[in-house]
Structure formats: structure tokens, C-alpha cells
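Worksheet for the structure shown next.
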Amino acid sequence: EDKEKLDDLKRSLGRGFIEDMFESLRNLGMSDGDIIAAVQQHAKGNKIMYVLECKKLSKSYGSKRALENVDLQLRSGRILGLLGPNGSGKTTLIKLAEGLLQPTEGEILIDGEKPGAASKAKIIRAKS
């Protein structure tokens, strides 16, 4: 199915452009299915929604920088782990996503919204 969709994209947008784009995005670790979905949503004029999105997110505790300019986009339907050494900002990121902390700079969005009552309600609905 992905191959058919890829062939359709090549015909409509030009073989060289699509092949170059796919090669670049594959090198970044994206699967063909993810690339096709992103291109199709873009072509339809839809904004891609992420379950968690960080844009230039930073958090400081006094002079200590726990997170610095984090850019992160996570789509739904995946299971991921958050790994890193002690003091690398894992807990800070989770607390920012929960709305327990406020960013020093940048923004964090849960399903397109700032963390708060509305984003918590969406998570509760998704679990049930």
C-alpha cells in the first residue's frame, strides 16, 4: 500500500523531488509510511497534529539550565522511552508536559494545546 502511494506521489510531484526528499527523511530515521502520511496531510493543507510538541523549549532553575532549546514532535500511536543520565532534564520535561512547571522560554503543546485542564481531559478520554 505504501508503494502505491509513493508511486502516486512521484507521478504528481515529480520523481526526482520525491526521491531526494525521501532519501533525506529516511536518513533522519523516518519510515516511508510516516513520510507519505506527512506529505499527504501537507498536500491537503492540513496541519499535522502531534500528541506532544516542544518548540524551542527551555527551563532554568536559577542559573541551572535543565532544558535548552528542545525541539520535539511526537505523533500518536507510538510507544517511546525517555532515556538519559541523571540531571539531563527527563523529569523536568514530564513536569512541563503535565503543566506542573512553566517553561522559561519556548512552548510545549499537548495535542495542540498548552498543558492544562483541557489537555488533561483529552488524555483521560484517550485512556478510557
Legend entry - Restraint check, 5/120; 5/55; 55/120, Cα-Cα greater than 29 Å: 5/120; 5/55
Legend entry - Distance (nanometres) between label positions extended 7 Å along Cα→Cβ at residue 114 and residue 69: 2.4 nm
Legend entry - Surface accessible to a 1.4 Å probe, residue 92 within the full protein complex, Å²: 20 Å²
Legend entry - Accessible area in the full protein assembly, largest first, 1.4 Å probe, for 63, 88: 63, 88
Inset, instruction - Would you calculate the separation in nanometres between label points at residue 20 and residue 90, each defined as 7 Å from the Cα along the Cα-to-beta-carbon direction? - result: 4.1 nm
Inset, instruction - Could you order 82, 72, 96 so the one with the most accessible surface comes first? Probe is 1.4 Å. - result: 82, 72, 96
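The values are calculated or read from the model by the stated rules, or taken from the named source; none is laboratory data. These numbers were taken from a predicted model, which means no experiment stands behind them. Ideal geometry is used to build each Cβ from the backbone, glycine not excepted, and the neighbour counts take in all protein chains shown. We work out accessible area using only protein heavy atoms, side chains counted, and drop any ligands, DNA or RNA first. Shrake-Rupley method; radii C 1.70, N 1.55, O 1.52, S 1.80 Å.
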